[in-house]
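Student: Here it is: the structure, laid out below.
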Amino acid sequence: MTTFDLDNIVRPNIKALSPYSSARNEYSGHTATVFLDANENPYNKPFNRYPDPLQAELKEELATIKRVPAENIFLGNGSDEAIDLPYRIFCEPGKDNVVAIEPTYGMYRVCADINNVEYRPVELGEGYSLNADKLLAACDKHTKIVWICSPNNPTGNNLDRKQIEKVLSNFNGIVVIDEAYSDFSSERPFRLDLEEWPNIIVLNTMSKAWGCAAIRLGMAYASKDIIALFNKVKYPYNINLLTQQKAKEALRAKIDVEKWVTVLLQERGRMMAAFTELPICEKVYPSDSNFFLAKMTDAQGIYDYLVEKGIIVRNRTRVALCNNCLRITIGSKTENQELLAALRRLI
Ligand code: PMP
């Protein structure tokens, strides 16, 4: 079992940090009517006021929908903020390292590079499967974070739950599990089992199933102690008022999301079957997401042809283990039809 001790892995400067105390932090009551504490302008309501720094109302609504207590939620400016913060909280630049599955979402590496933290990619096995022992073998005493993404991007598949649990049980640093695409999967999300793992951080986003990529809202779910560290290091007002309002509206229209997901999953089945029939497609990989990976005869040529037709897919041919692969996002029925029609003309 993991001998995880949060106190041991936090950077000393973060432990010692006195965070900025904003006006809205110092007075968070609801009875005052005259606000002369934040050098705001009294005119131009409601945009004259700073937003709630800890987004209490929004977190209450999220807590109900996601079945995670509000005190276990951090909200960030997209998942990107929640990906960057663990580096700043746990990793000593030039000394510590992180281990990640390969291939996976590119921002884990970019944030490592920005923070001058060594990034150790560990290739997935047959069928893009996770081997916990291989991942653990890449860790040493300076490994602070292990990055796992399930369903994984760009491969689309869920990673084996038992293997993920093995990593969680045996690694005594932080394990981040990015569940950006979990709304498209029938696998039980790890966010529902937070209390079992003191070292887990689960990521979610409003950008995929919730259809709100423009508002930039990502979530991290973790123990209260880890959330306290995120709140200590984040910018004071990291989630603006418009985003908080729009997110609440989106959460109240949950029924739309369920409909979208149903249609997208049907379309995914139809698109994957159609790709299998294309002579220019060699293999379609299984997907638990709103996209799938397809091995083509000539990914670059097909990508260029589609761009010319005004259709953009993601060319992943230069990504490890994805030679000649295109990543296809499931669009509306019309968009999907346009893609298929263009590819059929190519034959
Ligand atoms: N995680 C994964 C696995 C992703 O694929 C993406 C977007 N491509 C994100 C996070 C980014 O989410 P956000 O829009 O919340 O920054």
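Student: Pairs under 9 Å by beta carbon, first residue closer than 12 Å to Asp183 by Cβ in the range 246-261, partner acidic (Asp, Glu), six or more apart or different chains?
Tutor: Taking only residues 6 or more apart or on different chains, the pairs are Val257/Asp183; Val261/Asp183.
Student: Go through the range 93-103 and count every residue that is assigned to a loop (DSSP other than H, G, I, E, B) and either buried (at least 17 other Cβ atoms within 10 Å of the Cβ) or within 14 Å of the ligand (Cβ to nearest atom) (or both).
Tutor: The initial filter retains those residues of the range 93-103 that are assigned to a loop (DSSP other than H, G, I, E, B), namely 93-96, 103.
Next, only the ones that are either buried (at least 17 other Cβ atoms within 10 Å of the Cβ) or within 14 Å of the ligand (Cβ to nearest atom) (or both) stay: 96, 103.
Total meeting the criteria: 2.
Student: Any residue in the range 24-33 that is in contact with a Phe, Trp or Tyr (Cβ under 7 Å, 6 or more places away or on another chain), in a helix (DSSP H, G or I) and more than 30 Å from Leu168 (Cα to Cα)?
Tutor: Our first condition is that a residue be in contact with a Phe, Trp or Tyr (Cβ under 7 Å, 6 or more places away or on another chain); within the range 24-33, this holds for 24.
Filter once more, keeping what is in a helix (DSSP H, G or I): 24.
So of that shortlist, the ones also more than 30 Å from Leu168 (Cα to Cα) come out as 24.
Looking for residues that are in contact with a Phe, Trp or Tyr (Cβ under 7 Å, 6 or more places away or on another chain), in a helix (DSSP H, G or I) and more than 30 Å from Leu168 (Cα to Cα), one finds at least one in the range 24-33, hence yes.
Student: With the condition kept exactly as written, say whether any residue in the range 162-176 is farther than 22 Å from Pro86 by Cα and either within 16 Å of the ligand (Cβ to nearest atom) or of a type outside the set (Asp, Glu) (or both).
Tutor: yes
Student: Looking at Ile302, Ile312, which one is over 30 Å from Arg67 (Cα atoms) and exposed (fewer than 15 other Cβ atoms within 10 Å of the Cβ)?
Tutor: Details: Ile302 fails: exposed (fewer than 15 other Cβ atoms within 10 Å of the Cβ).
Just one listed residue meets the conditions, Ile312.
Student: So how many residues does the range 195-212 have that are buried (at least 19 other Cβ atoms within 10 Å of the Cβ), of a type in the set (S, T, N, Q) and within 14 Å of the ligand (Cβ to nearest atom)? Quick ask: steps written out before the conclusion?
Tutor: As a first pass, look at the range 195-212 and keep what is buried (at least 19 other Cβ atoms within 10 Å of the Cβ): 197, 199-206, 208-210, 212.
Now drop any that are not of a type in the set (S, T, N, Q), which leaves 199, 204-205.
Narrowing the set further to residues that are within 14 Å of the ligand (Cβ to nearest atom) leaves 204-205.
Residues meeting the conditions: 2.
Student: If you don't mind, there's one more thing I want to ask. Restricting to the range 230-241, name every residue that is buried (at least 20 other Cβ atoms within 10 Å of the Cβ) and of a type in the set (Lys, Arg).
Tutor: Lys234
Student: Take the residues in the range 52-85 that are among the β-branched types (Val, Ile, Thr) and outside any helix (DSSP H, G or I), then tell me which one is nearest to the ligand (Cβ to nearest atom).
Tutor: Taking the range 52-85 and keeping what is among the β-branched types (Val, Ile, Thr), we get 64-65, 68, 73, 83.
Filter once more, keeping what is outside any helix (DSSP H, G or I): 68, 73.
On the way: Val68: 17, Ile73: 14 Å.
If we take residues in the range 52-85 being among the β-branched types (Val, Ile, Thr) and outside any helix (DSSP H, G or I), then Ile73 is nearest to the ligand (Cβ to nearest atom).
Student: On to the next question. Select from the range 177-194 the residues that are within 13 Å of the ligand (Cβ to nearest atom), part of a loop (DSSP other than H, G, I, E, B) and touching a residue at least 40 places away in the same chain (Cβ under 8 Å) and list them in ascending order. Lay out the reasoning, then the answer.
Tutor: We begin by selecting, within the range 177-194, every residue within 13 Å of the ligand (Cβ to nearest atom); these are 177-185.
Applying the additional criterion that residues be part of a loop (DSSP other than H, G, I, E, B) yields 179-181, 185.
Of everything in the range 177-194, those that are within 13 Å of the ligand (Cβ to nearest atom), part of a loop (DSSP other than H, G, I, E, B) and touching a residue at least 40 places away in the same chain (Cβ under 8 Å) turn out to be Ala180, Tyr181, Ser185.
Student: Moving to a separate point now. May I ask you to list the residues in the range 147-161 that are on the phi < 0 side of the Ramachandran plot and within 15 Å of the ligand (Cβ to nearest atom)?
Tutor: Listed by number, the residues that qualify are Trp147, Ile148, Cys149, Ser150, Pro151, Asn152, Asn153, Pro154, Thr155, Asn157, Asn158, Leu159.
Student: Another question, if that's okay. Between residues in the range 53-78 that are touching a residue at least 40 places away in the same chain (Cβ under 8 Å) and crowded, with 21+ Cβ neighbours inside 10 Å and residues that are of a type in the set (Asp, Glu) and assigned to a helix (DSSP H, G or I), which pairs lie under 6 Å by C-beta distance while being six or more apart or on different chains?
Tutor: So the pair list comes out empty.
Student: When you scan the range 104-119, do you find a residue that is surrounded by fewer than 18 Cβ atoms within 10 Å (Cβ to Cβ), acidic (Asp, Glu) and within 16 Å of the ligand (Cβ to nearest atom), even just one?
Tutor: No: the range 104-119 contains no residue that is surrounded by fewer than 18 Cβ atoms within 10 Å (Cβ to Cβ), acidic (Asp, Glu) and within 16 Å of the ligand (Cβ to nearest atom).
Student: Starting from residues that are of a type outside the set (Asp, Glu) and in a loop (DSSP other than H, G, I, E, B), keep the ones in the range 124-150 and report whichever is surrounded by the most Cβ atoms within 10 Å (Cβ to Cβ). Spell out how you get there, then give the answer.
Tutor: Going through the range 124-150, the residues of a type outside the set (Asp, Glu) turn out to be 124-125, 127-132, 134-139, 141-150.
Right, trim to in a loop (DSSP other than H, G, I, E, B) and you get 124, 130-131, 138-139, 141-142, 150.
On the way: Leu124: 22, Leu130: 23, Asn131: 19, Ala138: 15, Cys139: 21, Lys141: 9, His142: 14, Ser150: 28.
Here the answer is Ser150.
Student: Within the range 248-264, identify whether any single residue is within 16 Å of the ligand (Cβ to nearest atom) and of a type in the set (Gly, Ala, Ser), and answer yes or no. Don't jump to the end; show me each part of the working.
Tutor: Taking the range 248-264 as the starting set, the residues that turn out to be within 16 Å of the ligand (Cβ to nearest atom) are 250-251, 257, 264.
Within this subset, residues satisfying the condition of being of a type in the set (Gly, Ala, Ser) are 250.
Checking the range 248-264: at least one residue is within 16 Å of the ligand (Cβ to nearest atom) and of a type in the set (Gly, Ala, Ser).
Student: Could I ask something else about it? Can you tell me which residue is farthest from Leu293 (Cα to Cα) among those in the range 120-158 that are in contact with a Cys (Cβ under 8 Å, 6 or more places away or on another chain) and aliphatic (A, V, I, L, M)?
Tutor: Ile145
Student: Scan the range 213-229 residue by residue and report those that are surrounded by 14 or more Cβ atoms within 10 Å (Cβ to Cβ) and within 9 Å of the ligand (Cβ to nearest atom).
Tutor: Passing the criteria: Arg216, Leu217, Gly218, Met219.
Student: Another one. I'm trying to understand the selection: among the residues of the range 1-23, which are in a loop (DSSP other than H, G, I, E, B), among the small types (Gly, Ala, Ser) and in contact (Cβ under 8 Å) with a residue 12 or more places away in the chain? Give the steps one after another, and end with the answer.
Tutor: Within the range 1-23, the first condition is being in a loop (DSSP other than H, G, I, E, B), and the residues that meet it are 1-5, 10-11, 17-22.
Narrowing further to those that are among the small types (Gly, Ala, Ser): 18, 21-22.
Across the range 1-23, the qualifying residue is only Ser22.
Student: Given the criteria over 16 Å from Gly218 (Cα atoms) and either of a type outside the set (S, T, N, Q) or touching a Leu at 6+ places or on another chain (Cβ under 8 Å) (or both), does Leu159 qualify?
Tutor: Working: over 16 Å from Gly218 (Cα atoms): yes; either of a type outside the set (S, T, N, Q) or touching a Leu at 6+ places or on another chain (Cβ under 8 Å) (or both): yes.
The answer is yes for Leu159.
Student: So if I check each of Arg24, Arg88, Arg49, which one is of a type in the set (D, E, K, R), away from the ligand (no atom under 16 Å from the Cβ) and within 15 Å of Phe230 (Cα to Cα)?
Tutor: Values: Arg24 fails: within 15 Å of Phe230 (Cα to Cα); Arg49 fails: within 15 Å of Phe230 (Cα to Cα).
Among Arg24, Arg88, Arg49, only Arg88 is of a type in the set (D, E, K, R), away from the ligand (no atom under 16 Å from the Cβ) and within 15 Å of Phe230 (Cα to Cα).
Quick note: the coordinates plus some simple rules give every number you see, no bench work behind them. None of the values given here were measured: they were computed from a predicted structure. Don't worry about glycine lacking a Cβ; one is built from the backbone with ideal geometry, like all the others, and counts go over all protein chains shown.
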